[in-house]
Amino acid sequence: MEQTAEPRERAILVGFFRDSRRRAAEEESLEELAELTTSAGGEVADALIQERPKPDPAYLVGQGKLEEIRESLLIEQANLVIFNEDLTPAQLRNLEQALDTKVIDRAELILDIFAQRARSSEGKLQVEVAQLEYLLPRLTGRGVQLSRLGGGIGTRGPGETRLEVDRRRIRSRISRIKSDLARLEERRGLQRQKRRGVPIPTVSLVGYTNAGKSTLFNRLTNETAFVSARMFATLDPLVRRISFDSGQEVLLSDTVGFIRKLPPTLVAAFHATLEETVQANLLLHVIDVSRENYEELREAVYAVLEEIGADSTNTLEVYNKVDLVEDNPRIETKKEHVLISAKTGDGLEALRSKMAEMVNRGLSLVDLLLPLNRGDIVSQIRDRAIVEKEEYTESGIRLRAALTPADLGRFREFVTEAKAGGRRGRRKKTTTVE
Ligand SMILES: Nc1nc2c(ncn2[C@@H]2O[C@H](COP(=O)(O)OP(=O)(O)OP(=O)(O)O)[C@@H](O)[C@H]2O)c(=O)[nH]1
Ligand SMILES: [Mg+2]
């Protein structure tokens with residue numbers, strides 16, 4: 001990461017929980033917030049935490065805690081307060097006024113990191129949309145913040161009319177970016193279709209940020225994707241072709257990591273990028289088994305997967321970083337799994353053979369019957385799937401093809417029969433295709 005000459009921001013972190021049973025979880029989450037803060041280039045000066053059954057509508061925390069934050073700002077010579085909780089626009093404004101310093105919440109911090117990391121033009125635009133949409137309802141009284149966005153947006157504290165102008169500008173900027181993004185997405189769709197010309201199954205690496213996805217990607221592809229101890233090292237998807245001993249080829253893609261409380265505007269903005277993940281035949285879910293709460297993080301990842309509409313039925317859980325744990329941990333999971341160390345290479349052979357076995361499972365071999373005048377759909381299927389048989393009969397065009405779950409949904413109305421098992425027909429187990 002580039003170093004800027006700017007002095008590092010010194011931050012006071014504030015955690016909040018409603019129920020004493022959540023204390024440990026909140027403390028853990030606050031540690032993660034500290035990691036995020038340093039990843040963003042800031043420095044953690046202090047961390048405070050409050051238990052309160054009900055958040056204060058105006059300040060989230062109570063007056064006593066507010067006073068504590070104020071003192072800590074002075075003692076620590078800090079210039080930024082980061083809340084681990086989402087703040088309402090009004091809370092944000094009130095807190096900035098009461099503390100007389102910059103206040104941000106977890107979502108804004110994550111957006112900041114993404115903004116720093118984005119490299120591709122598409123990634124940059126996606127992050128900008130997310131930032132602007134986050135900013136829009138929070139404009140009032142946040143004149144100082146606006147300057148950080150640049151792009152002709154006013155830098156002084158906006159009065160009401162000024163505010164309206166800013167809002168209008170932001171909205172029109174958002175819609176302009178969105179149409180640019182739509183164009184980029186179309187182009188990517190075409191590339192994907194081209195790749196589909198020779199249909200090969202796809203495998204996507206997913207997982208919590210810092211789990212080791214890029215390290216594993218490099219291991220499996222002999223590539224040099226960017227690996228870093230910082231969070232959200234990877235933003236742009238990277239796709240490479242790899243082959244197994246059997247000679248079968250697959251496309252492996254490395255993607256952005258997930259995190260708890262991922263800002264919804266960000267999830268929405270990255271939807272297009274995550275398309276690879278949504279359509280993958282197999283997901284490799286990389287889990288950092290050296291983290292104490294890896295099970296909780298694992299579930300957080302499944303929650304995001306669900307949110308983006310990815311079907312995680314065919315998922316291989318890859319428990320990574322076993323080199324950091326004393327004994328091999330006992331894994332409790334309903335999914336198939338392997339233990340590896342992407343760093344030392346431990347367990348990679350087992351992983352590869354498991355991948356080779358599972359990648360075909362996501363495909364369902366089906367018979368389809370299409371009306372004779374639907375040549376357009378036949379060519380769509382030919383583009384997207386592996387067609388084993390094609391016959392022109394009086395009742396229509398009969399195809400036998402291996403479809404991904406997504407395509408199965410797409411062409412469902414033409415399916416006459418679903419065969420059991422993957423396209424190799426080796427497996428006895430019937431693939432679930434819902
Ligand atoms: N000890 C150990 N460290 C690992 C292993 N795999 C990855 N790491 C380290 O974990 C950190 C994160 O690795 P990355 O591969 O960048 O993780 P990522 O999942 O791609 O992270 P994001 O792109 O930020 O989501 C780096 O410091 C790696 O060197 C492993 O098996 N053992
Ligand atoms: Mg990565």
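Based on alpha-carbon centroids, what's the gap between segment 48-65 and segment 7-32 in Å, whole number please? So the two Cα centres are separated by 13 Å. Using a 1.4 angstrom probe on heavy atoms only, work out the carbon and sulfur share of the accessible area of segment 200-359 in %. That share works out to 46 percent. Using only side-chain charges placed at the Cβ, +1 for Lys and Arg and -1 for Asp and Glu, the dipole size of segment 240-280 relative to its Cα centre rounds to 260 debye. Based on Cα contacts under 8 Å between residues 6+ apart, the chain shows a relative contact order of 11 percent.
Rg/Rh for the chain (Cα atoms only, Rh after Kirkwood) is 1.03.
Kindly flag which residue pairs out of 65/102; 213/354; 213/343; 321/354; 334/354; 354/389 have an alpha-carbon separation exceeding 21 Å in this structure.
Working: 65/102 17 Å; 213/354 17 Å; 213/343 11 Å; 321/354 18 Å; 334/354 16 Å; 354/389 28 Å.
The answer is 354/389.
In terms of its alpha-carbon gyration tensor, segment 21-84 comes out oblate; a/c meets the 1.5 threshold, while b/c is at least as large as a/b. Overall, the accessible surface of segment 360-405 at a probe of 1.4 angstrom is composed of carbon and sulfur to the extent of 47 percent.
The values are calculated or read from the model by the stated rules, or taken from the named source; none is laboratory data. Keep in mind it's a predicted model, so treat the numbers as computed, not measured. Reconstructed Cβ throughout: ideal geometry from the backbone, glycine too, with neighbour counts over all protein chains shown. Heads up: the accessible areas ignore ligands, DNA and RNA and are worked out on the full protein's heavy atoms, side chains in. Shrake-Rupley method; radii C 1.70, N 1.55, O 1.52, S 1.80 Å.
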